[in-house]
Amino acid sequence: MNPFVESFHSALQLVGAADSKLFAIVGLSLSVSALATLIAATLGLLAGAALAVRRFPGRRGVLVVLNTLLALPSVVVGLVVYLLLSRAGPLGALGILFTPAAMVIAQAILVTPIVAALAHQTIDDALREHGEQLRSLGAGRLACALIVAWDERMVLLTLALVAFGRAVSEVGAVMIVGGNIDGVTRVMTTAIALETSKGDLPLALALGMVLLGVVLLLNVLIAGLREWRLRADDVASAAA
Amino acid sequence: MTALLVALRSATVSFGAKRALQGIELAVQVGERVAVVGANGSGKSSLLRAVHGLVPLHDGRRELADPAPRIAMLFQRPYMLRMSVLANVELGLKLQGIAHAPRHAQALQALQRVGLASQALRNARVLSAGQQQRAALARAWAMRPDLLLLDEPTASLDPTAKREVETLIEQFAAQGTTLLMSSHNLGQVKRLASRVLYLEHGRLLADVPTDAFFNGPLPAEAALFLKGELPWA
(Lines give C-alpha, C1' and ligand atoms only; values in the text may rest on other atoms or scores of the structure.)
Protein backbone atom coordinates (compact mmCIF):
# COMPACT_ATOMS: atom_id res chain seq x y z
CA MET A 1 0.00 0.00 0.00
CA ASN A 2 1.14 3.54 -0.71
CA PRO A 3 2.78 4.95 2.48
CA PHE A 4 0.62 8.07 2.31
CA VAL A 5 -2.59 6.05 1.97
CA GLU A 6 -1.39 3.73 4.75
CA SER A 7 -0.68 6.69 7.07
CA PHE A 8 -3.98 8.29 6.18
CA HIS A 9 -5.79 5.02 6.96
CA SER A 10 -4.03 4.71 10.34
CA ALA A 11 -4.79 8.35 11.12
CA LEU A 12 -8.48 7.78 10.43
CA GLN A 13 -8.39 4.80 12.77
CA LEU A 14 -6.82 6.94 15.54
CA VAL A 15 -9.46 9.62 15.13
CA GLY A 16 -12.26 7.06 14.88
CA ALA A 17 -11.04 5.20 17.97
CA ALA A 18 -11.00 8.46 19.95
CA ASP A 19 -7.35 7.79 20.91
CA SER A 20 -6.83 9.24 24.39
CA LYS A 21 -3.34 10.59 23.64
CA LEU A 22 -4.62 12.29 20.51
CA PHE A 23 -7.57 13.85 22.29
CA ALA A 24 -5.45 15.02 25.24
CA ILE A 25 -3.28 16.95 22.77
CA VAL A 26 -6.32 18.33 20.97
CA GLY A 27 -7.94 19.33 24.29
CA LEU A 28 -4.83 21.19 25.46
CA SER A 29 -4.48 22.94 22.09
CA LEU A 30 -8.05 24.13 22.12
CA SER A 31 -8.02 25.27 25.74
CA VAL A 32 -4.70 27.14 25.45
CA SER A 33 -5.77 28.90 22.24
CA ALA A 34 -9.28 29.65 23.54
CA LEU A 35 -7.90 31.28 26.68
CA ALA A 36 -5.28 33.21 24.68
CA THR A 37 -8.00 34.39 22.28
CA LEU A 38 -10.23 35.47 25.17
CA ILE A 39 -7.40 37.56 26.64
CA ALA A 40 -6.41 38.94 23.22
CA ALA A 41 -10.02 39.76 22.33
CA THR A 42 -10.53 41.67 25.58
CA LEU A 43 -7.25 43.60 25.36
CA GLY A 44 -7.43 44.03 21.59
CA LEU A 45 -11.00 45.34 21.60
CA LEU A 46 -10.22 47.83 24.37
CA ALA A 47 -7.05 48.99 22.61
CA GLY A 48 -8.81 49.17 19.23
CA ALA A 49 -11.72 51.16 20.68
CA ALA A 50 -9.38 53.49 22.56
CA LEU A 51 -7.35 54.16 19.40
CA ALA A 52 -10.56 54.86 17.49
CA VAL A 53 -11.86 57.48 19.94
CA ARG A 54 -8.78 59.04 21.50
CA ARG A 55 -6.63 61.58 19.73
CA PHE A 56 -3.14 61.96 21.18
CA PRO A 57 0.34 62.88 19.95
CA GLY A 58 1.99 59.87 18.32
CA ARG A 59 -1.32 58.11 17.58
CA ARG A 60 -0.39 57.62 13.93
CA GLY A 61 2.91 56.09 14.96
CA VAL A 62 1.10 53.70 17.28
CA LEU A 63 -1.22 52.68 14.43
CA VAL A 64 1.73 52.05 12.10
CA VAL A 65 3.42 49.89 14.76
CA LEU A 66 0.16 48.05 15.43
CA ASN A 67 -0.35 47.30 11.75
CA THR A 68 3.27 46.15 11.51
CA LEU A 69 2.64 43.76 14.39
CA LEU A 70 0.02 42.02 12.26
CA ALA A 71 2.95 40.29 10.59
CA LEU A 72 4.65 39.46 13.87
CA PRO A 73 6.59 36.18 13.44
CA SER A 74 5.52 33.65 16.06
CA VAL A 75 9.10 32.52 16.73
CA VAL A 76 10.03 36.10 17.63
CA VAL A 77 7.14 36.24 20.10
CA GLY A 78 8.27 32.89 21.47
CA LEU A 79 11.82 34.13 21.87
CA VAL A 80 10.77 37.35 23.64
CA VAL A 81 8.39 35.53 26.01
CA TYR A 82 11.10 32.91 26.63
CA LEU A 83 13.58 35.64 27.61
CA LEU A 84 11.01 37.30 29.86
CA LEU A 85 10.01 34.07 31.61
CA SER A 86 13.37 32.32 31.77
CA ARG A 87 14.89 32.09 35.23
CA ALA A 88 17.25 35.01 34.56
CA GLY A 89 14.48 37.09 32.95
CA PRO A 90 12.43 39.83 34.61
CA LEU A 91 9.46 37.50 35.07
CA GLY A 92 11.52 34.40 35.87
CA ALA A 93 10.27 34.36 39.46
CA LEU A 94 6.84 33.35 38.21
CA GLY A 95 8.27 29.97 37.23
CA ILE A 96 5.81 29.41 34.40
CA LEU A 97 8.20 28.76 31.53
CA PHE A 98 7.42 25.40 29.87
CA THR A 99 3.86 25.43 31.21
CA PRO A 100 0.55 25.99 29.39
CA ALA A 101 0.39 29.45 31.06
CA ALA A 102 3.49 30.53 29.13
CA MET A 103 1.90 29.24 25.93
CA VAL A 104 -1.26 31.24 26.64
CA ILE A 105 0.82 34.38 27.17
CA ALA A 106 2.78 33.85 23.94
CA GLN A 107 -0.34 33.20 21.86
CA ALA A 108 -2.17 36.15 23.44
CA ILE A 109 0.74 38.46 22.54
CA LEU A 110 0.75 37.06 19.02
CA VAL A 111 -2.95 37.63 18.30
CA THR A 112 -3.71 40.78 20.34
CA PRO A 113 -2.37 43.06 17.55
CA ILE A 114 -4.65 41.30 15.05
CA VAL A 115 -7.74 41.98 17.15
CA ALA A 116 -6.64 45.51 18.07
CA ALA A 117 -5.78 46.60 14.51
CA LEU A 118 -8.92 45.18 12.93
CA ALA A 119 -11.18 46.31 15.79
CA HIS A 120 -9.72 49.80 15.50
CA GLN A 121 -10.46 49.83 11.76
CA THR A 122 -14.03 48.57 12.27
CA ILE A 123 -14.89 50.97 15.09
CA ASP A 124 -13.12 53.93 13.46
CA ASP A 125 -15.02 53.45 10.18
CA ALA A 126 -18.35 53.12 12.02
CA LEU A 127 -17.64 56.22 14.12
CA ARG A 128 -16.73 58.27 11.06
CA GLU A 129 -20.03 57.29 9.49
CA HIS A 130 -22.35 57.40 12.49
CA GLY A 131 -20.50 59.02 15.39
CA GLU A 132 -22.08 62.41 14.85
CA GLN A 133 -25.60 61.00 15.05
CA LEU A 134 -24.74 59.26 18.31
CA ARG A 135 -23.21 62.44 19.69
CA SER A 136 -26.38 64.31 18.73
CA LEU A 137 -28.24 61.88 21.02
CA GLY A 138 -25.92 62.79 23.86
CA ALA A 139 -23.31 60.03 23.65
CA GLY A 140 -19.77 60.87 24.75
CA ARG A 141 -16.70 59.44 23.01
CA LEU A 142 -16.60 56.26 25.06
CA ALA A 143 -20.34 55.66 24.75
CA CYS A 144 -20.09 56.18 20.96
CA ALA A 145 -17.34 53.55 20.75
CA LEU A 146 -19.25 51.07 22.91
CA ILE A 147 -22.46 51.55 20.93
CA VAL A 148 -20.83 51.05 17.52
CA ALA A 149 -18.83 48.10 18.87
CA TRP A 150 -22.08 46.50 20.00
CA ASP A 151 -23.65 47.28 16.63
CA GLU A 152 -20.68 45.71 14.82
CA ARG A 153 -20.63 42.72 17.17
CA MET A 154 -20.82 40.17 14.36
CA VAL A 155 -17.74 41.65 12.68
CA LEU A 156 -15.92 41.69 16.01
CA LEU A 157 -16.94 38.11 16.72
CA THR A 158 -15.56 37.15 13.33
CA LEU A 159 -12.31 38.88 14.33
CA ALA A 160 -12.15 36.77 17.47
CA LEU A 161 -12.62 33.61 15.39
CA VAL A 162 -9.84 34.71 13.03
CA ALA A 163 -7.62 35.34 16.05
CA PHE A 164 -8.41 31.88 17.43
CA GLY A 165 -7.56 30.35 14.05
CA ARG A 166 -4.19 32.12 14.08
CA ALA A 167 -3.50 31.05 17.66
CA VAL A 168 -4.42 27.39 17.29
CA SER A 169 -2.41 26.94 14.11
CA GLU A 170 0.85 28.63 15.17
CA VAL A 171 3.81 26.47 16.14
CA GLY A 172 6.90 28.62 16.71
CA ALA A 173 5.94 30.43 19.91
CA VAL A 174 4.40 27.48 21.74
CA MET A 175 7.34 25.27 20.80
CA ILE A 176 9.82 27.72 22.36
CA VAL A 177 7.95 28.65 25.53
CA GLY A 178 6.13 25.33 26.03
CA GLY A 179 8.97 23.00 25.21
CA ASN A 180 6.63 20.41 23.68
CA ILE A 181 6.62 18.30 26.87
CA ASP A 182 4.55 15.16 26.49
CA GLY A 183 1.33 15.35 28.49
CA VAL A 184 2.12 18.87 29.73
CA THR A 185 2.67 21.34 26.91
CA ARG A 186 2.33 19.23 23.78
CA VAL A 187 -0.26 20.75 21.47
CA MET A 188 -1.38 19.80 17.97
CA THR A 189 1.13 21.86 16.01
CA THR A 190 4.18 20.94 18.13
CA ALA A 191 3.13 17.29 18.16
CA ILE A 192 2.80 17.29 14.36
CA ALA A 193 6.32 18.70 14.03
CA LEU A 194 7.71 16.14 16.49
CA GLU A 195 5.89 13.07 15.16
CA THR A 196 6.86 13.97 11.60
CA SER A 197 10.52 14.21 12.59
CA LYS A 198 10.21 10.85 14.38
CA GLY A 199 8.57 9.31 11.34
CA ASP A 200 5.27 8.56 13.15
CA LEU A 201 3.26 9.82 10.24
CA PRO A 202 -0.14 8.38 11.23
CA LEU A 203 -0.28 10.36 14.51
CA ALA A 204 1.07 13.49 12.79
CA LEU A 205 -1.48 13.09 10.03
CA ALA A 206 -4.31 12.43 12.52
CA LEU A 207 -3.40 15.60 14.39
CA GLY A 208 -3.18 17.46 11.10
CA MET A 209 -6.66 16.24 10.19
CA VAL A 210 -8.07 17.40 13.53
CA LEU A 211 -6.32 20.77 13.17
CA LEU A 212 -7.70 21.17 9.67
CA GLY A 213 -11.10 20.16 11.02
CA VAL A 214 -10.91 22.88 13.68
CA VAL A 215 -9.88 25.49 11.10
CA LEU A 216 -12.61 24.24 8.77
CA LEU A 217 -15.18 24.52 11.55
CA LEU A 218 -14.00 28.08 12.25
CA ASN A 219 -14.36 28.98 8.59
CA VAL A 220 -17.82 27.46 8.49
CA LEU A 221 -18.74 29.56 11.53
CA ILE A 222 -17.31 32.72 9.93
CA ALA A 223 -19.11 32.00 6.65
CA GLY A 224 -22.30 31.31 8.60
CA LEU A 225 -22.03 34.62 10.44
CA ARG A 226 -21.38 36.44 7.18
CA GLU A 227 -24.31 34.70 5.51
CA TRP A 228 -26.60 35.52 8.42
CA ARG A 229 -25.53 39.15 8.34
CA LEU A 230 -25.92 39.45 4.56
CA ARG A 231 -29.36 37.84 4.73
CA ALA A 232 -30.44 40.32 7.40
CA ASP A 233 -29.15 43.22 5.27
CA ASP A 234 -30.87 41.79 2.17
CA VAL A 235 -34.16 41.65 4.02
CA ALA A 236 -33.58 45.23 5.10
CA SER A 237 -32.83 46.47 1.57
CA ALA A 238 -35.75 44.51 0.12
CA ALA A 239 -38.05 46.11 2.67
CA ALA A 240 -36.62 49.52 1.85
CA MET B 1 -42.70 88.68 23.00
CA THR B 2 -40.04 86.33 21.68
CA ALA B 3 -37.34 84.55 23.65
CA LEU B 4 -33.95 83.58 22.32
CA LEU B 5 -33.32 79.83 22.13
CA VAL B 6 -29.95 79.62 20.43
CA ALA B 7 -27.68 82.01 18.58
CA LEU B 8 -24.46 82.03 16.61
CA ARG B 9 -22.37 85.21 16.82
CA SER B 10 -19.80 85.82 14.08
CA ALA B 11 -19.45 82.05 13.85
CA THR B 12 -16.86 80.52 11.58
CA VAL B 13 -16.46 76.79 11.05
CA SER B 14 -13.48 75.29 9.24
CA PHE B 15 -12.70 71.77 8.11
CA GLY B 16 -8.99 71.82 7.46
CA ALA B 17 -8.30 74.61 5.00
CA LYS B 18 -11.95 74.79 3.91
CA ARG B 19 -14.19 77.40 5.49
CA ALA B 20 -17.62 75.79 5.81
CA LEU B 21 -19.22 78.80 7.53
CA GLN B 22 -18.00 82.37 7.69
CA GLY B 23 -19.12 85.10 10.10
CA ILE B 24 -22.60 83.71 10.67
CA GLU B 25 -24.99 85.87 12.69
CA LEU B 26 -28.09 83.91 13.57
CA ALA B 27 -30.61 84.01 16.39
CA VAL B 28 -33.40 81.46 16.63
CA GLN B 29 -36.36 82.42 18.80
CA VAL B 30 -38.70 80.06 20.65
CA GLY B 31 -41.45 78.69 18.40
CA GLU B 32 -39.86 79.76 15.10
CA ARG B 33 -39.77 77.56 12.01
CA VAL B 34 -36.60 78.40 10.17
CA ALA B 35 -35.56 76.87 6.86
CA VAL B 36 -32.00 76.97 5.52
CA VAL B 37 -31.63 76.83 1.75
CA GLY B 38 -28.70 77.00 -0.61
CA ALA B 39 -26.86 74.95 -3.19
CA ASN B 40 -24.96 71.76 -2.34
CA GLY B 41 -21.87 72.62 -0.31
CA SER B 42 -23.20 76.01 0.72
CA GLY B 43 -22.89 75.10 4.42
CA LYS B 44 -26.47 74.14 5.34
CA SER B 45 -25.54 70.99 7.24
CA SER B 46 -22.57 72.71 8.86
CA LEU B 47 -24.89 75.45 10.11
CA LEU B 48 -27.19 72.91 11.74
CA ARG B 49 -24.23 71.07 13.25
CA ALA B 50 -22.80 74.34 14.57
CA VAL B 51 -26.14 75.26 16.16
CA HIS B 52 -26.24 71.78 17.77
CA GLY B 53 -22.67 72.13 18.98
CA LEU B 54 -21.49 69.07 17.05
CA VAL B 55 -18.67 70.99 15.35
CA PRO B 56 -16.27 73.37 17.07
CA LEU B 57 -16.37 77.02 16.08
CA HIS B 58 -13.11 78.23 14.60
CA ASP B 59 -14.18 81.76 15.47
CA GLY B 60 -17.17 83.44 17.10
CA ARG B 61 -19.43 81.92 19.74
CA ARG B 62 -22.62 79.97 20.33
CA GLU B 63 -25.17 81.28 22.81
CA LEU B 64 -27.85 79.20 24.45
CA ALA B 65 -30.93 80.23 26.44
CA ASP B 66 -30.81 79.69 30.18
CA PRO B 67 -31.67 76.95 31.05
CA ALA B 68 -29.98 75.33 28.05
CA PRO B 69 -32.56 74.08 25.56
CA ARG B 70 -32.82 70.39 24.70
CA ILE B 71 -31.75 69.97 21.09
CA ALA B 72 -32.40 66.93 18.90
CA MET B 73 -31.41 66.38 15.30
CA LEU B 74 -32.85 64.33 12.47
CA PHE B 75 -30.32 63.37 9.80
CA GLN B 76 -30.94 62.73 6.14
CA ARG B 77 -30.01 59.06 6.51
CA PRO B 78 -30.69 58.07 10.08
CA TYR B 79 -28.41 55.56 11.79
CA MET B 80 -30.49 52.70 13.08
CA LEU B 81 -28.67 50.23 15.29
CA ARG B 82 -29.13 46.47 14.80
CA MET B 83 -31.68 46.40 17.58
CA SER B 84 -35.43 46.71 17.87
CA VAL B 85 -37.13 49.93 16.81
CA LEU B 86 -38.10 50.49 20.45
CA ALA B 87 -34.50 50.07 21.66
CA ASN B 88 -33.36 52.56 18.99
CA VAL B 89 -35.90 55.12 20.18
CA GLU B 90 -34.95 54.49 23.81
CA LEU B 91 -31.25 55.05 23.07
CA GLY B 92 -31.26 58.86 23.36
CA LEU B 93 -33.28 58.68 26.58
CA LYS B 94 -30.92 56.08 28.00
CA LEU B 95 -27.97 58.32 27.21
CA GLN B 96 -29.73 61.10 29.12
CA GLY B 97 -29.88 58.81 32.14
CA ILE B 98 -33.67 58.40 32.19
CA ALA B 99 -34.77 55.36 34.20
CA HIS B 100 -36.12 52.28 32.46
CA ALA B 101 -39.86 52.64 33.15
CA PRO B 102 -40.32 56.28 32.08
CA ARG B 103 -37.89 55.73 29.20
CA HIS B 104 -39.91 52.81 27.93
CA ALA B 105 -43.18 54.72 28.23
CA GLN B 106 -41.76 57.83 26.55
CA ALA B 107 -40.33 55.78 23.66
CA LEU B 108 -43.58 53.90 23.11
CA GLN B 109 -45.51 57.16 23.15
CA ALA B 110 -43.13 58.60 20.55
CA LEU B 111 -43.57 55.52 18.35
CA GLN B 112 -47.34 55.80 18.62
CA ARG B 113 -47.01 59.45 17.64
CA VAL B 114 -45.26 58.53 14.38
CA GLY B 115 -47.50 55.52 13.72
CA LEU B 116 -44.85 52.87 14.34
CA ALA B 117 -46.05 51.33 17.63
CA SER B 118 -46.88 48.09 15.83
CA GLN B 119 -43.27 47.88 14.61
CA ALA B 120 -41.72 48.49 18.03
CA LEU B 121 -40.21 45.03 18.43
CA ARG B 122 -38.99 44.60 14.85
CA ASN B 123 -35.34 45.00 13.89
CA ALA B 124 -34.96 48.66 12.93
CA ARG B 125 -32.78 47.75 9.94
CA VAL B 126 -35.70 45.86 8.39
CA LEU B 127 -37.88 48.98 8.18
CA SER B 128 -38.30 50.86 4.91
CA ALA B 129 -36.42 54.14 4.43
CA GLY B 130 -39.56 56.12 5.21
CA GLN B 131 -40.26 54.08 8.34
CA GLN B 132 -36.64 54.46 9.47
CA GLN B 133 -36.95 58.21 9.08
CA ARG B 134 -40.17 58.17 11.12
CA ALA B 135 -38.44 56.02 13.76
CA ALA B 136 -35.58 58.53 13.85
CA LEU B 137 -38.11 61.32 14.19
CA ALA B 138 -39.66 59.40 17.11
CA ARG B 139 -36.16 59.03 18.62
CA ALA B 140 -35.61 62.77 18.34
CA TRP B 141 -39.09 63.69 19.53
CA ALA B 142 -38.94 61.26 22.49
CA MET B 143 -36.21 63.49 23.91
CA ARG B 144 -38.83 66.28 24.12
CA PRO B 145 -36.58 68.77 22.34
CA ASP B 146 -37.07 72.51 22.54
CA LEU B 147 -35.28 72.78 19.21
CA LEU B 148 -35.55 70.15 16.48
CA LEU B 149 -32.87 70.30 13.80
CA LEU B 150 -33.78 68.62 10.53
CA ASP B 151 -31.06 68.02 7.96
CA GLU B 152 -32.84 67.50 4.65
CA PRO B 153 -35.25 65.16 6.41
CA THR B 154 -37.12 63.99 3.33
CA ALA B 155 -34.39 64.15 0.69
CA SER B 156 -34.03 60.40 0.20
CA LEU B 157 -37.70 59.44 0.58
CA ASP B 158 -40.39 58.57 -1.93
CA PRO B 159 -43.36 60.98 -2.25
CA THR B 160 -45.61 59.05 0.16
CA ALA B 161 -42.95 58.79 2.87
CA LYS B 162 -42.06 62.43 2.22
CA ARG B 163 -45.65 63.46 2.89
CA GLU B 164 -45.84 61.35 6.07
CA VAL B 165 -42.64 62.78 7.51
CA GLU B 166 -43.61 66.32 6.55
CA THR B 167 -46.99 65.92 8.27
CA LEU B 168 -45.26 64.77 11.45
CA ILE B 169 -42.85 67.70 11.36
CA GLU B 170 -45.80 70.03 10.90
CA GLN B 171 -47.51 68.47 13.94
CA PHE B 172 -44.42 68.80 16.13
CA ALA B 173 -44.06 72.45 15.10
CA ALA B 174 -47.75 73.05 15.83
CA GLN B 175 -47.14 71.82 19.38
CA GLY B 176 -44.55 74.51 19.87
CA THR B 177 -41.29 72.75 19.01
CA THR B 178 -38.91 75.19 17.39
CA LEU B 179 -37.65 74.00 14.00
CA LEU B 180 -34.45 74.68 12.12
CA MET B 181 -34.33 72.67 8.92
CA SER B 182 -32.24 72.51 5.80
CA SER B 183 -33.99 71.61 2.58
CA HIS B 184 -33.63 71.59 -1.17
CA ASN B 185 -37.37 71.33 -1.53
CA LEU B 186 -38.68 74.87 -1.87
CA GLY B 187 -42.29 73.68 -1.78
CA GLN B 188 -41.58 72.11 1.58
CA VAL B 189 -39.89 75.31 2.75
CA LYS B 190 -42.97 77.27 1.74
CA ARG B 191 -45.25 74.86 3.61
CA LEU B 192 -43.24 74.46 6.80
CA ALA B 193 -41.13 77.55 7.38
CA SER B 194 -41.92 80.99 8.69
CA ARG B 195 -38.43 82.31 8.00
CA VAL B 196 -35.83 81.44 5.38
CA LEU B 197 -32.05 81.68 5.51
CA TYR B 198 -30.09 81.62 2.27
CA LEU B 199 -26.50 80.41 2.42
CA GLU B 200 -23.85 80.61 -0.28
CA HIS B 201 -20.24 79.47 0.15
CA GLY B 202 -20.71 79.44 3.91
CA ARG B 203 -22.02 83.00 4.09
CA LEU B 204 -25.50 83.93 5.21
CA LEU B 205 -26.75 86.17 2.39
CA ALA B 206 -30.44 86.41 3.24
CA ASP B 207 -32.46 86.03 6.42
CA VAL B 208 -36.07 86.94 5.68
CA PRO B 209 -39.66 85.85 6.38
CA THR B 210 -40.84 83.07 4.04
CA ASP B 211 -43.24 85.37 2.16
CA ALA B 212 -40.49 87.87 1.53
CA PHE B 213 -38.14 85.11 0.32
CA PHE B 214 -40.55 83.94 -2.33
CA ASN B 215 -42.14 87.29 -3.24
CA GLY B 216 -39.96 90.14 -2.07
CA PRO B 217 -36.72 91.58 -3.36
CA LEU B 218 -33.68 89.47 -2.50
CA PRO B 219 -29.93 89.87 -2.72
CA ALA B 220 -28.81 89.05 -6.28
CA GLU B 221 -27.30 85.65 -5.41
CA ALA B 222 -30.41 84.49 -3.55
CA ALA B 223 -32.64 85.70 -6.37
CA LEU B 224 -30.54 83.75 -8.88
CA PHE B 225 -30.76 80.62 -6.70
CA LEU B 226 -34.52 81.00 -6.47
CA LYS B 227 -34.74 81.52 -10.21
CA GLY B 228 -32.72 78.37 -10.76
CA GLU B 229 -34.88 76.38 -8.43
CA LEU B 230 -38.13 77.85 -9.69
CA PRO B 231 -37.59 78.71 -13.35
CA TRP B 232 -41.30 79.47 -13.82
CA ALA B 233 -41.32 82.12 -11.10
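Assorted remarks:
- Residue list for the stretch B:89-114, restricted to those being surrounded by 14 or more Cβ atoms within 10 Å (Cβ to Cβ) and under 21 Å from B:Glu166 (Cα atoms): B:Val89, B:Ala107, B:Leu108, B:Gln109, B:Ala110, B:Leu111, B:Arg113, B:Val114
- Qualifying residue in the stretch B:127-140 (condition: charged (D, E, K, R), under 27 Å from B:Gln29 (Cα atoms), within 12 Å of chain A (Cβ to nearest Cβ) and over 12 Å from the mean Cα position of the chain (by Cα)): yes
- Among the residues of the stretch B:13-41, those that are touching a helix residue (DSSP H, G or I) at 6+ places or on another chain (Cβ under 9 Å) and either of a type in the set (Val, Ile, Thr) or outside any strand (DSSP E or B) (or both) comprise B:Val13, B:Ile24, B:Val28, B:Gly31, B:Val36, B:Val37, B:Gly38, B:Ala39.
- For B:Val89, the conditions (1) more than 13 Å from every other protein chain (Cβ to nearest Cβ); (2) in a helix (DSSP H, G or I); (3) aliphatic (A, V, I, L, M) all hold with the exception of (1).
- For A:Ser136, the conditions (1) buried (at least 22 other Cβ atoms within 10 Å of the Cβ); (2) over 30 Å from A:Leu51 (Cβ atoms); (3) of a type in the set (Ser, Thr, Tyr) all hold with the exception of (2).
- Close Cβ contacts (under 6 Å, 6 or more residues apart or on different chains) running from residues in the stretch B:39-58 that are within 11 Å of chain A (Cβ to nearest Cβ) and within 16 Å of B:Leu204 (Cβ to Cβ) to residues that are outside any loop (DSSP other than H, G, I, E, B) and acidic (Asp, Glu) comprise B:Ser45/B:Asp151; B:Leu48/B:Asp151.
- For the stretch B:59-82, the candidate set comprises residues that are part of a loop (DSSP other than H, G, I, E, B) and touching a Ser or Thr at 6+ places or on another chain (Cβ under 9 Å); within that set, the residue that is farthest from the other protein chains (Cβ to nearest Cβ) is B:Pro69.
- The residue that is modelled with the lowest pLDDT, counting only those in the stretch A:9-36 that are assigned to a helix (DSSP H, G or I), among the hydrophobic types (A, V, I, L, M, F, W, C) and surrounded by fewer than 16 Cβ atoms within 10 Å (Cβ to Cβ), is A:Leu12.
- Among all positions in the stretch B:27-36, there is no residue which is touching a Phe, Trp or Tyr at 6+ places or on another chain (Cβ under 9 Å), buried (at least 17 other Cβ atoms within 10 Å of the Cβ) and either within 11 Å of another protein chain (Cβ to nearest Cβ) or free of Cβ contacts under 8 Å to residues at least 24 places away in the same chain (or both).
- Looking across the stretch B:1-22, the residues that are out of contact with any Gly (no Cβ under 7 Å at 6 or more places or on another chain) and either surrounded by 15 or more Cβ atoms within 10 Å (Cβ to Cβ) or within 20 Å of B:Ala206 (Cα to Cα) (or both) come down to B:Leu4, B:Leu5, B:Val6, B:Ala7, B:Val13, B:Ser14.
- Test result for B:Arg125, assigned by TED's automatic domain parsing to the domain that holds B:Phe15 and not polar (S, T, N, Q): no
- Residue match in the stretch B:123-130 (condition: closer than 20 Å to A:Gly138 by Cβ, touching a strand residue (DSSP E or B) at 6+ places or on another chain (Cβ under 8 Å), buried (at least 19 other Cβ atoms within 10 Å of the Cβ) and at pLDDT 90 or above): yes
- Note on the stretch B:196-212: among residues that are touching a residue at least 60 places away in the same chain (Cβ under 8 Å) and not aliphatic (A, V, I, L, M), the one that is farthest from B:Glu32 (Cα to Cα) is B:His201.
Residues checked against (1) more than 14 Å from chain B (Cβ to nearest Cβ); (2) at pLDDT 95 or above; (3) in contact with a Lys or Arg (Cβ under 6 Å, 6 or more places away or on another chain):
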| site | (1), (2), (3) |
| --- | --- |
| A:Ala88 | yes, no, no |
| A:Leu91 | yes, yes, no |
| A:Met103 | yes, yes, no |
| A:Ile109 | yes, yes, no |
| A:Pro113 | yes, yes, no |
| A:Ala116 | yes, yes, no |
| A:His120 | yes, yes, no |
| A:Arg128 | no, no, no |
| A:Leu142 | no, no, no |
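- Hey, B:Glu170 charged (D, E, K, R) and either surrounded by fewer than 20 Cβ atoms within 10 Å (Cβ to Cβ) or facing another protein chain (nearest Cβ under 9 Å) (or both) or not: yes
- For the stretch A:139-178, the candidate set comprises residues that are outside any helix (DSSP H, G or I) and surrounded by 18 or more Cβ atoms within 10 Å (Cβ to Cβ); within that set, the residue that is nearest to the chain's Cα centre (by Cα) is A:Glu170.
- Checked against (1) assigned by TED's automatic domain parsing to the domain that holds B:Asp211; (2) farther than 22 Å from B:Ala155 by Cβ, B:Val55 meets all criteria but (2).
For every residue, the table says whether it meets (1) within 30 Å of A:Ala160 (Cα to Cα); (2) under 11 Å from the mean Cα position of the chain (by Cα).
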position	(1), (2)
A:Asn2	no, no
A:Leu14	no, no
A:Ala17	no, no
A:Val32	yes, yes
A:Leu35	yes, yes
A:Ala40	yes, yes
A:Leu45	yes, no
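- Output for the stretch B:96-114, where each listed residue is under 25 Å from B:Glu152 (Cα atoms) and either within 8 Å of chain A (Cβ to nearest Cβ) or hydrophobic (A, V, I, L, M, F, W, C) (or both): B:Ala107, B:Ala110, B:Leu111, B:Val114
The values are calculated or read from the model by the stated rules, or taken from the named source; none is laboratory data. In this text the structure is predicted, and so the values were computed from the model without any measurement. Backbone-built Cβ (ideal geometry, glycine too); neighbour counts: all protein chains shown.
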